[in-house]
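Novice: Before I ask anything, here is the structure I am working with.
The values are calculated or read from the model by the stated rules, or taken from the named source; none is laboratory data. All figures in this text were calculated on a predicted structure; none of them were measured in a lab. All Cβ positions, even for glycine, are placed from backbone atoms using ideal geometry, and neighbour counts span all protein chains on display.
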Amino acid sequence: MRLAAYSLLMVGSLCGCATPAIPESALRLPESTLDVRSIQTRTLEASSELIILTATIAVLQDMEFNIDRIEKPLGVITASKVSDADDKGEKTGLFFLDMLCAMGGGSDCDASSTAKDDQKIILTMVVLPSQARDGEYTVRITVQRVIYDKMDRVKVMERIDTAETYQAIFDNLRKSLFIQESHT
């Protein structure tokens, strides 16, 4: 009896120690991650990290962003802005849907409340000194947006990955850096 109990205990403990193999693919980032990161990252030359942060603040304010947070020791700036996300085609369709519902005798017709209303765009920038050369900084910008409906419910949450968006921001940042550097 003891031998059977001991054998059962050993088998149970061995089964508890077995771990399932983690698929190798689970530990790899998708190829698209590298593409997105290359769109979001540039190397810039400047006399200091503070010059890049100052130039960035000027660019973001010109783009009507509010500066939410500056972590100067970490080289991080977070900014946001709220803008209109209305889609006229969507509004028109929902208006007609409400009209059809009302004509059918529906009392709780409110499809228009699900229309896109505002979008909050959040931009985060991180500046790191280059390990390759003095006077160079690696700058990474990420942009996300959250779209709300008329009832302040989240309709869409997404990362912005269009190369043109990032190129425009970096072009403006380079111009601002040139102005900042010429004034110091």
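Novice: Restricting the search to segment 32-63, which residues are under 18 Å from the mean Cα position of the chain (by Cα) and not small (Gly, Ala, Ser)?
Specialist: Step one: filter segment 32-63 for residues under 18 Å from the mean Cα position of the chain (by Cα), giving 32-42, 56, 60, 63.
Answer for segment 32-63, where residues must be under 18 Å from the mean Cα position of the chain (by Cα) and not small (Gly, Ala, Ser): THR33, LEU34, ASP35, VAL36, ARG37, ILE39, GLN40, THR41, ARG42, THR56, LEU60, MET63.
Novice: Hand me the list of helices (runs of 4 or more DSSP H) wholly inside segment 27-143 holding 1 or more residues that are modelled with pLDDT of 85 or more and not charged (D, E, K, R). Explain how you work it out, then say what you get.
Specialist: Numbers: elements: 31-40, 49-62, 88-103.
So the answer is 31-40, 49-62.
Novice: So which residues in segment 161-174 are surrounded by 13 or more Cβ atoms within 10 Å (Cβ to Cβ) and more than 16 Å from THR142 (Cβ to Cβ), if there are any at all?
Specialist: Once the filter is applied, which keeps residues that are surrounded by 13 or more Cβ atoms within 10 Å (Cβ to Cβ) and more than 16 Å from THR142 (Cβ to Cβ), segment 161-174 yields ASN172, ARG174.
Novice: A further question follows. Give the number of residues within segment 121-142 that are surrounded by 16 or more Cβ atoms within 10 Å (Cβ to Cβ) and farther than 15 Å from ARG42 by Cα.
Specialist: 3
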